[in-house]
């Protein structure tokens, strides 16, 4: 079975004296490098909306990240949804 090489910026948490510090650092690395912690794209560009979206139809459980990295999830589908 093939082994996946470790991410070059992740810290080893197995033998860490203070477990939470490297875990938090790893979370931030993954959020930026892997999850691309960026605003939701609209028409090919990151949104400039601050706060929840207030137009366009949204579907249940749709995820939205605003221009200031605020995170929202649609709980009622519609235009604009809730």
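With the convex hull of the Cα atoms taken as the outline of the chain, the averaged projected area works out to 8.3 nm². One chain, two ends: residue 17 and residue 57. Fully extended at 0.36 nm per residue, the span grows by 9.5 nm beyond their Cα-Cα distance.
May I ask you to sort 58, 7 by Cβ crowding, counting other Cβ atoms within 10 Å and putting the fewest first?
Numbers: 58 22, 7 12.
Taking fewest neighbouring Cβ atoms as first place, the list is 7, 58.
Taking every Cα-Cα distance in the stretch 39-82 and sorting them into 5 Å bins starting at zero, the pair-distance distribution P(r) comes out as 6, 27, 33, 26, 8, 0 percent. Computed from Cα atoms, the angle from the helix 20-33 axis to the main principal axis of the chain rounds to 50 degrees.
We did not get these values from a lab; they are worked out from the coordinates using the rules stated. These numbers were taken from a predicted model, which means no experiment stands behind them. Note that each Cβ is placed from the backbone with ideal geometry, even for glycine, and that neighbours are counted across all protein chains shown.
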